[in-house]
Amino acid sequence: MGTSAPADAPFSREFLTLRHANSLPVLRQKESRIMVETTAYPLNSPSRSKSVQDHIDELPMWADGTRLLAAPMTGMQWLIWSLAAAGKFFEGFVVFMTGVALPLLSSEFNIGAAWHGVITAASLFGILVGAVALGGMSDRFGRKPMFVAEMVIFVAFLVALIFCTNVYFLVICLFGIGLSLGCDYPTAHMIISESIPSTSRGKLVLGAFAFQAVGALGGTAIGYLVLSTLPEIGAWRWMFASAIIPAVLVTIGRFYIVESANWLSARGHVDKAELAVKRLLVRKPQYPAEIKLAAREGQAVEGHQSKQTFAALFNKTNRRATILASVPWFLQDLGTYGIGIFTPTILAAAVGANSDHVRSVADLIANDITAAKGAALITTLLIVGIIFAVLLADVVGRIALQILGFFGCAVGLFLASLSSNFTGGTQTLLIFAGFMLFNFMTNLGPNAQTYLLAGEVFPTAIRGKGAGFAAAFAKIGAVATAFLFPILLVAIGTQALLYGLIVVSILGAAVTWLFRIETTGVNLDRLEG
């Protein structure tokens, strides 16, 4: 029997450090589980310089050989994760609530189908611009400054939104909100993925992303509660106002996180990066006891600007990653945003709550409440889908789930399209079953995995630009869908639209397979170069 260690003994004395033979982790997949090949070194061996990710991935081991299976998350890591998750919640909350509020906005501002498209496309167009213009700035100014700035912008335009007096001001405010949400796409992903262990990156990034689905459900639920409590045209203002106080609290919290040490190291700020790692990995008992960063190959000289531009996304080295990150996401957004935003409208038509039958404000509110309840039921499948994605992303892999999800979306859309051939209960059953299957499969597969892959397949120096470009390119599809959907619903009908989206889903699976890059469990440092 060995002597037991004192309860307060530091890991640096009581643990052996698992070190990689070549100072970098060698990852391999074995029986669908990610394994890390390691070599144990004595406690008194000289300190060795390692990368930021190696320090984050470092595992302690007791002197008798017992080791942890994963590095425990620190308080700072959980704070970063929760604040990023809050940003995804607001995205789902605002975008999907717009679908519930749309009939009220239409009535108050007396707008037609074309303006319906402009209103729903405004926030999505803002996301498009924000992902590139603001998200890309995180490569130059840092992850934290943009992480804070996006929430300041969000709160400012959210407050302005509830005081809108005309449709033009409304569109500007929705665009501004989208601008902040667009910045969040690359920034939130990077600030999580560059601060957490490689082997749990998939489930933690997707765990935060899951709050988009929670926000979507919250948006439809708040819409229903507000309409039930305050059945009047102006109820939409209270819907959006409900997010202001939580958003202010999240904004304040983001001032207290640490900058990405990975970004600091890539920029040549080694001393600042070492301090950032120390703040990030505060534990009791403390390990690692000493942070010493190795120089990165091709590392920027401190004080000099990175010469990487958006053109680097299309060079021979990064072109495959750019296509994989962008095109399937674009195809996925064609369906997800069209179905998500207009689910209340489609359901209202399916159950007979057509706007042609509205004779009073009371009828309008009643129809909107009915549609909101149906949308909330369907949206719950987004949450179920993302839960499965969180559980399976680090086991099955990103590519397999994305392809499976695309095919599942096609099946769901096909079921929904069959509803046009029936009436009554059969019609309602088919459209509910189809949309619920679609929502489950899109969040299990492409909606989750495209987001995850976009923040993993690019090197640190252009990760913000790459993820931002992918999100922006995807939102071209979302904007086009949001603008054209209300017009096409009238012009060609629901069934023809759904047929088109089936083809889009199959194409998404094909592109994913042709340009596949599996990043499951891969140390982000291996993507440098």
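What follows is calculated from the coordinates using simple rules that are stated; it is not laboratory data. On a predicted model such as this, the values are computed, not experimentally measured, just so you know. Here the Cβ positions follow ideal geometry from the backbone for every residue, glycine too, while neighbour counts run over all protein chains shown.
Ordering of 145-152, 269-276 by packing is 145-152, 269-276, highest average first (other Cβ atoms within 10 Å, averaged per residue).
Find how much the distance from ILE476 to LYS292 grows on full extension, using 0.36 nm per residue of separation minus their present alpha carbon separation; answer in nm with one decimal.
Working: separation 184, 0.36 × 184 = 66.24 nm, distance 4.34 nm.
Roughly 61.9 nm would be gained on extension.
Using the Karplus relation 6.51 cos²θ - 1.76 cosθ + 1.60 with θ = phi - 60°, the per-residue 3J(HN,Hα) values for region 411-420 come to 5, x, 5, 5, 4, 5, 5, 5, 4, 5 Hz, with x marking Gly and Pro. Near SER260, the amide H atoms lying under 5 Å from its own belong to ARG143, LYS144; only residues 5 or more places off or on other chains count, and H is placed 1.01 Å from N. When only alpha carbons of region 108-203 are considered, Rg and Dmax amount to 15.8, 53 Å.
Counting neighbouring beta carbons within 10 Å and listing from fewest to most, the residues TRP62, TRP115 come out as TRP62, TRP115.
Using a Förster radius of 25 Å, what is the FRET efficiency between TRP78 and VAL395 based on their Cβ-Cβ separation? Nearest 0.05, please. Kindly include the intermediate steps, with their values, before the conclusion.
Values: r = 23 Å, r/R0 = 0.90.
Once rounded, the FRET efficiency stands at 0.65.
Taking θ as phi - 60° and the Karplus parameters 6.51, -1.76 and 1.60, the scalar couplings of region 65-80 work out to x, 6, 10, 6, 7, 8, 6, x, 6, 8, x, 5, 5, 5, 5, 4 Hz in sequence order, x denoting glycine and proline. Around the amide H of LYS50, modelled in the peptide plane, lie the amide H atoms of LYS292, LEU293, ALA294, all under 5 Å away and 5 or more residues distant in sequence or on another chain.
Once you reduce region 176-223 and region 392-437 to the center of their Cα atoms, the two points are 23 Å from each other. Would you please give the FRET efficiency between ILE506 and THR165, computed as 1/(1 + (r/R0)^6) with r the Cβ-Cβ distance and R0 = 41 Å, to the nearest 0.05? Here the calculated transfer efficiency is 0.35. Going from the residue with the fewest nearby Cβ atoms within 10 Å to the one with the most, ARG319, ARG516, ARG463 rank ARG319, ARG516, ARG463. Ordering ILE80, ILE431, ILE153, ILE399 from the fewest to the most neighbouring beta carbons within 10 Å gives ILE399, ILE153, ILE431, ILE80.
Rounded to whole numbers, the Karplus 3J(HN,Hα) couplings from phi for region 208-215 are 5, 4, 4, 6, 5, 5, 4, x Hz, using 6.51 cos²θ - 1.76 cosθ + 1.60 with θ = phi - 60°, and x at Gly and Pro.
Model label points for ARG283 and VAL411, set 7 angstrom from Cα along the Cα-to-Cβ axis, are 4.2 nm apart.
Modelled label positions at ILE245 and ASN421, each set 7 Å beyond Cα in the direction of Cβ, lie 5.2 nm from each other.
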